[in-house]
Amino acid sequence: MKIKRVAFLGLTIALAMIMSYIETLFPLNFAVPGIKMGLANIVIIFVLYRMSFGDACIVSLVRVFLVSLLFGNVMALAYSLAGAALSLLVMYLLKKSDKFSVIGVSITGAVMHNVGQIIMAVIIMGTEQIAYYLPALAVSGTISGILIGVVSSLVIKRIKKI
């Protein structure tokens, strides 16, 4: 690995962790538990577009583990990992297709993150009843996906490829 790339990955992991921490300072207490802004996705989307899918996987995985270790617990790790993995995979496939804008990729990623978490909740809790949260999570994911996509698009345009 090139030193510049390793250093940049370290910086992006740190930035994604800071964004995750900022989210804990402003909890969104709506009717459905677990709604978040998804600020760390700005970093993940940037890395996906300006570096590589592998680098985005590294940043996402390390961020999920470290944030769960520092600010969460084992259950948070399971939900976050499921959401992040499904989200990143779908965002990569949409980006690779060249048929979606950054905003479209972000929206789909946000909704898929929620779907991944619901799938994990169904597995852990052993009940499909938890899936009733999905429509509300899809709405919140769409809204946050739009906002994160707009910001990500601006960042991607302003920072050259690494």
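The values are calculated or read from the model by the stated rules, or taken from the named source; none is laboratory data. Computed from a predicted structure; not experimentally measured. Don't worry about glycine lacking a Cβ; one is built from the backbone with ideal geometry, like all the others, and counts go over all protein chains shown. Areas reflect the complete protein model, heavy atoms only, side chains present, ligands, DNA and RNA absent. Shrake-Rupley method; radii C 1.70, N 1.55, O 1.52, S 1.80 Å.
Points to keep in mind about this one:
- Comparison of 141, 145 shows that the only residue that is open to solvent by less than 30 Å² (accessible area, probe 1.4 Å), under 21 Å from residue 27 (Cα atoms), modelled with pLDDT of 95 or more and under 18 Å from the mean Cα position of the chain (by Cα) is 145.
- Total residues in the range 48-85, condition buried (at least 20 other Cβ atoms within 10 Å of the Cβ), among the hydrophobic types (A, V, I, L, M, F, W, C) and within 11 Å of the chain's Cα centre (by Cα): 5
- Selected residue (criterion: modelled with the lowest pLDDT) from residues of the range 19-47 that are assigned to a helix (DSSP H, G or I) and open to solvent by 90 Å² or more (accessible area, probe 1.4 Å): 25
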